[in-house]
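Enquirer: I have a structure here, written as structure tokens, and I will follow up with some questions on it.
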Amino acid sequence: MPKGAELIVDFLVKEKVPYVFGICGHGNVGMLDALYDAKDDLKLISPRHEQTAGHMADGYFRVRHEPVATLTSCGPGSANMVMPLALAMTDSSAMMAITANVPTSQFNRSPFQEINGHFQADFPSVIKPVVKRSFQPTRVEMLPLALRQGMQTMLSGRAGPVQIDVPYNLFQESAEVELEHSQPTRLNARRSGANEEDVRTAMDMILAAERPVLFVGHGVTLSEASEELTAFAHRLSIPVISSPNGMGTLDMEDPLSLGFIGRNGSYPANEAGRRADLVIVVGARFDDRSASSWLKGYSWNFPQTKLIHADVDHAEIGRNYAPDLPILADARTFLRQLLSEIDRRNVPAGPRLEDWRARTIDWAREWEAFVGPKFEMHASPIRPERIVHDCQRILPSNAIMTFDAGIHHNWFMQFWKARNPASMLNSWGFSGMGFGPSAALGAKLAAPDRPVISVCGDGGFTMVPHVLCTAVEYNIPVVWLVWNNFAWGAIRDIQYGQFEGREIGTAFYSGDDGQPYNPDFAAWARASGVAAKTVTRSQDFAGALEEAVKANRPYLLDVHVDADIRPPSTGSWQLPPRPHKEPAFGKPYFAGA
């Protein structure tokens, strides 16, 4: 009769899950014993903090579109998973979070680390808001069904994390039970398509439009629809705007790529968005940052602009803008249907929408004339534009970049040109710090032959510096580029812009002399066994980055960046009730005014 832990391990092996990222505790030691016997097929990697384990699983999935599991113990260990699960949930990233709980014989007796104020062993209530589904089997016989349903829930429809909450006696108890027969579950195994009538209506609207744009997001990335998106955009000469997690689904060097939209978007994207007569949204949502806080005329002009919104998640269709044509469909399937409809109608090949495309090209030239010269400037501390420029020049097109939340991310959203899908991993929907430095470890395990660079703020990196230990312990050759501007720069800029410069709690100062303060990140890295350099001159940055990538070992660059240079806003962002700011470049356009 198998033990519960053996059933879980056998299930993960049969599902071809290669890794468990987790940390030991008294509550899961019985599971660790089963992993010992399976270590040739299922490798345990133990970072120094559960938050990093969650972000590693998230990063792994975003690159390979295959899930891994996390393992945490009762109480604090699993509580540390709340933030990475929330981030994975909002960014549609799948992982199986196996959390231990108190033994069933002690339910409601308030043993060590039980949460029972409203219900026995109630830790799943902590996790429920940040997972697609929470399962709590209380007998070994319940494990096979929970595991199968959990894996299917994670990977069906809009991907996301699930929790399997296991009372720790189940790991060592046995029962006469077998795993349910099933083939390994895969993302995109079930694809929904639009009905034929909606496809025809969509094509009528698209061919009638004079100023259409595509807005694509993570749904296109997860659906692996880059080829179809590129073919469709080229076939009908439609410009493409990308959300951060959709960047690279159309090569951003392509003339049809306009970049990101919103406050820190590109000028061509915002101009096209607010002047379009039709927006075709595929696998994206209108959050406040990609919609200039829904302020009309700053990024979009609905309802004067017609809207086709296709998404695999019905909850996102119409959440913020009522579509003229709502379509519940997988991104790749819908794009293939549109391509087939083009062929069915014998739409003439060749360039279309010449006037509209000429306007987008003019906007791109205006934008380049405004920002271009700054990318070539040398300075100490280094101008932010120079870092983006040299990263673009030095890194190969297949490099994977991970980002934390912060001012550094704003610069890369605005100016980075991703060449491939799933090559720009962003902490977007939940904007959690610590994601970038941690997710880079999972991304490198998912793609060992590709360079992985974490661009992370000094504040965010200081939250998870133990990633250095994990990289050394497991020989994971990640490069961390610490954007060292001696501040919580993005929030300090809000204080400067909206609170008359009344800075408090956002700059890092030495208590003794009031000078800017940070630890010596390079020394910290070297103390951990990681190669490191400090870079203060822009002339030295490109060479240091090239050396770090070629070293093929864990490497940290402490890069001193000018904190007083800010990304030029081209849209807006409002923090109610504070009034919104006008764009620094360009101005809103109000359709029908």
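Enquirer: Cα centroids of region 396-446 and region 278-331: how far apart, whole angstrom?
Expert: 24
Enquirer: Which whole-number percentage describes the relative contact order of region 1-57, with Cα contacts under 8 Å and a sequence gap of 6 or more?
Expert: Relative contact order of region 1-57: 42 percent.
Enquirer: For region 173-242, restrict the atom set to alpha-carbon positions and state the Rg and Dmax in Å.
Expert: Radius of gyration, then largest Cα-Cα span, for region 173-242: 19.7, 67 Å.
Enquirer: DSSP loop (so not H, G, I, E, B), at most 16 other Cβ within 10 Å: list which trypsin sites (Lys or Arg not before Pro) in region 1-58 pass both filters.
Expert: Lys16, Lys39, Arg48
Enquirer: If you take every residue apart from Tyr496 with its C-beta less than 11 Å away from the C-beta of Tyr496, what net charge results, scoring Lys and Arg +1 and Asp and Glu -1?
Expert: Details: positive: Arg492, Arg502, Arg566; negative: Asp493, Glu500, Glu503, Asp564.
The answer is -1.
Enquirer: Another question about this same structure. Looking at the chain only, what percent of DSSP beta bridges run antiparallel? Nearest 5 please.
Expert: Here the share of antiparallel DSSP bridges comes out near 5 percent.
Enquirer: Under 15 Å from the Cβ of Pro255, count the other residues' Cβ atoms, weight Lys and Arg +1, Asp and Glu -1, and hand me the total.
Expert: Net charge in that neighbourhood comes out at +1.
Enquirer: What is the sum of charges around Gly442, taking Lys and Arg as +1, Asp and Glu as -1, for the other residues whose C-beta is under 10 Å from the C-beta of Gly442?
Expert: On the way: positive: Arg62, Arg64, Lys444; negative: Asp58.
Net charge in that neighbourhood comes out at +2.
Enquirer: Something else: I need to check one value: relative contact order of region 52-110, counting alpha carbon pairs closer than 8 Å and at least 6 residues apart, in percent. Write out the running numbers ahead of the final one.
Expert: On the way: 59 pairs, mean separation 24.3, N = 59.
41 percent.
Enquirer: What per residue convex hull volume, in Å³, comes out for region 534-588 when only alpha-carbon positions are used?
Expert: 155
Enquirer: Also: What does DSSP give for region 380-560 in terms of the percent of beta bridges that are antiparallel, rounded to the nearest 5?
Expert: The antiparallel fraction comes to roughly 10 percent.
Enquirer: When the gyration tensor of region 380-560 is built from Cα positions, what are the square roots of 5 times its three eigenvalues, in whole Å, from largest to smallest?
Expert: 25, 19, 16
Enquirer: When all alpha-carbon pairs of region 4-172 are counted, what percent fall beyond 27 Å?
Expert: Within region 4-172, distances greater than 27 Å cover 14 percent of Cα pairs.
Enquirer: Which value does Rg/Rh take for region 196-365 over its C-alpha atoms, Rh per Kirkwood?
Expert: 0.92
Enquirer: So how compact is the chain: Cα radius of gyration and Dmax in angstrom?
Expert: 24.7, 75
Enquirer: With a cut-off of at most 10 other beta carbons within 10 Å, and DSSP calling the residue loop, which GluC sites (Glu not before Pro) in region 481-581 qualify? Please list them.
Expert: Loop-located and lightly packed - Glu500.
Enquirer: Moving on to the next point. Which of the chymotrypsin sites (Phe, Trp or Tyr not before Pro) found in region 541-593 are loop residues per DSSP with 16 or fewer other Cβ atoms within 10 Å of their Cβ?
Expert: Phe585, Tyr589, Phe590
The numbers here are math on the coordinates, done by the rules we state, and not lab data. These numbers were taken from a predicted model, which means no experiment stands behind them. Ideal geometry is used to build each Cβ from the backbone, glycine not excepted, and the neighbour counts take in all protein chains shown.
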